[in-house]
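To start, the structure under review is shown below, and the notes come after it.
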Amino acid sequence: MLPGPQQPNSFPWSGKIIPWSAALRSGPTPGARILADLPRGENVKVVLRSGGWLYVECHFESRKPLKGYVSRELIKHVQPTNTARGGVQQNVKADVTPQHIGSRLQQKQIPPHDTSVSFQLAQPKIIAIATDSYLKPTMYVADPLLPGGYVLGFGQDLSFARGRTQPHGPSIGTTTAALDGKMRLLLKEFASNDTRGKARRLFDAFLKPQRNLVFWSDTGLTADAEAHPNITTFVHRALSAPNSPERTTGQTRIHQALEKAGWDINAVAPVTGLGVPAFNQGSPAWHTGDFNNGLGVMINGVQHAIVVAKAYNLDRSKNEYYIKLEYVFYDVFGLDDDDLKEYGADGGWVDSDAAQGITAWWQLQHRHGYAPLITRIVFVREFRVPVPPARGARR
């Protein structure tokens, strides 16, 4: 777990963007208009603070200064450098070298369909990012599995504590043993058709308990997730190649980003704006589909989906490229206060086993210090994709 970045109390100061993309907004609110998406490592001049927001100036892709608000936790303080404009280092044109892979640089343009060019991936890189639009990060975790030190933001459901005041409903147990049994009622409610036993293993891991945050993966979970229709749709639409069974039209996805870069994958910045998938097929009320096979109670909605390019080769003799993509999906097996208020016990005679299970889960996490788990699903897919013939090529 990473705490929020340390920042000076006096202004102005120099900063850098932490995640791969940070929205520069017209006002200090999540709903304010987005002026630009600032890439990881972009230099900014921080002028003032407004609550949880910083008012910044930068020159991203513009000779004129851009001014707006960025969420405070997305900027880290750096020592100022000698620069020409406002004390903030500017982006410069550069050739792509291995140490630049994954950075968003102003690069030399390669003419599309150049017959003399054949590209390969220099090293694994993040090529697409999807994040739950409702996520309000307060905690940060770096997964060493991902290239480039990418940092994942999570909300209150990743927190845990001892002795917190319960914000809603009655306590349904005072001992961890009693709460353990109540929480396991959720398995009976939502995982009775879990033929692989994945949900039980996840509950067992949470109820040990852990005192530190850990990533949790499971072969049964990965197998069921990889075969899920919503995950299959995400896989195909993230690429959106001409031969993809499903495609997103009118938006830049991995194939379109490659085409714009003249098929040089090393020149592609991570594609963003993809929607995250969910395990939400079936009915919670009738305990069908994902609310009977364990996926709904284990994950339901994915918080982060990261696509990593592991291998790539453009073969001009066949007018196609080969690409090997690793898909990584993250969620938190934990609850926040809103979960308790919406799904927990109210203290009435109609409280269901599911409601009692949710309250028991919240109490173990926030009153007895049981650490949530970060679920991580990883699998690899390979694709061969046709590309237009090079100009002047013999047909």
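Coordinate-derived values only; no laboratory data. Predicted model, so just to flag it, every value in this text is computed and none were measured. Glycine also receives a Cβ, built like all others from the backbone with ideal geometry; neighbour counts cover every protein chain displayed.
Output the pairs from 76/260; 45/125; 45/76 with a Cα-Cα distance over 21 Å in this structure; if there are none, say none.
Long pairs (Cα-Cα over 21 Å): 76/260; 45/125.
Using alpha-carbon pairs under 8 Å, 6+ residues apart, how would you state the relative contact order of the range 125-386 in percent?
Relative contact order comes out at 33 percent.
Among the chymotrypsin sites (Phe, Trp or Tyr not before Pro) within the range 316-391, which fall in a DSSP loop and have no more than 12 other Cβ atoms within 10 Å of their own Cβ?
Sites meeting the loop and neighbour criteria: 349.
Add +1 for every Lys or Arg and -1 for every Asp or Glu among the other residues with Cβ under 14 Å from the Cβ of residue 313, and state the total.
+1
Check residue 127: other-chain or 5+ apart residues with amide H under 5 Å from its amide H, H built from backbone geometry?
307, 308, 309
What is the Cα convex hull volume of the chain when expressed per residue in Å³?
So the per-residue Cα hull volume is 158 Å³.
Output the 0 to 90 degree angle, nearest 10, between the alpha-carbon long axis of helix 353-366 and the longest principal axis computed from the alpha carbons of the chain.
70 degrees
Give me 154, 206 sorted ascending by neighbouring Cβ count inside 10 Å, so fewest comes first.
206, 154
If the only charges are +1 at each Lys and Arg Cβ and -1 at each Asp and Glu Cβ, what is the size of the charge dipole of the chain around the Cα centre, to the nearest 20 debye?
Charge dipole, the chain, about its Cα centre: 1520 debye, nearest 20.
Rank-order 371-377, 310-316 by packing density, defined as the average count of other C-beta atoms within 10 Å over each peptide's residues, highest first.
So the peptides 371-377, 310-316, ranked by packing, come out 371-377, 310-316.
Any idea what angle helix 229-239 forms with the longest principal axis of the chain, computed on alpha-carbon atoms, 0 to 90 degrees, nearest 10?
20 degrees
Working out 0.36 nm times the residue gap between residue 280 and residue 67, then minus their Cα-Cα distance, what length gain in nm do you get to one decimal?
Full extension from residue 280 to residue 67 adds 72.7 nm.
Filter the trypsin sites (Lys or Arg not before Pro) in the range 203-254 down to the DSSP loop ones having no more than 14 other Cβ atoms within 10 Å, then list what survives.
Passing both the DSSP loop test and the Cβ count: 211.
Would you mind classifying the range 13-77 by shape? Square roots of the alpha carbon gyration tensor eigenvalues, ordered a ≥ b ≥ c; an a/c under 1.5 is rounded, otherwise it is prolate if a/b is larger than b/c and oblate if not.
rounded
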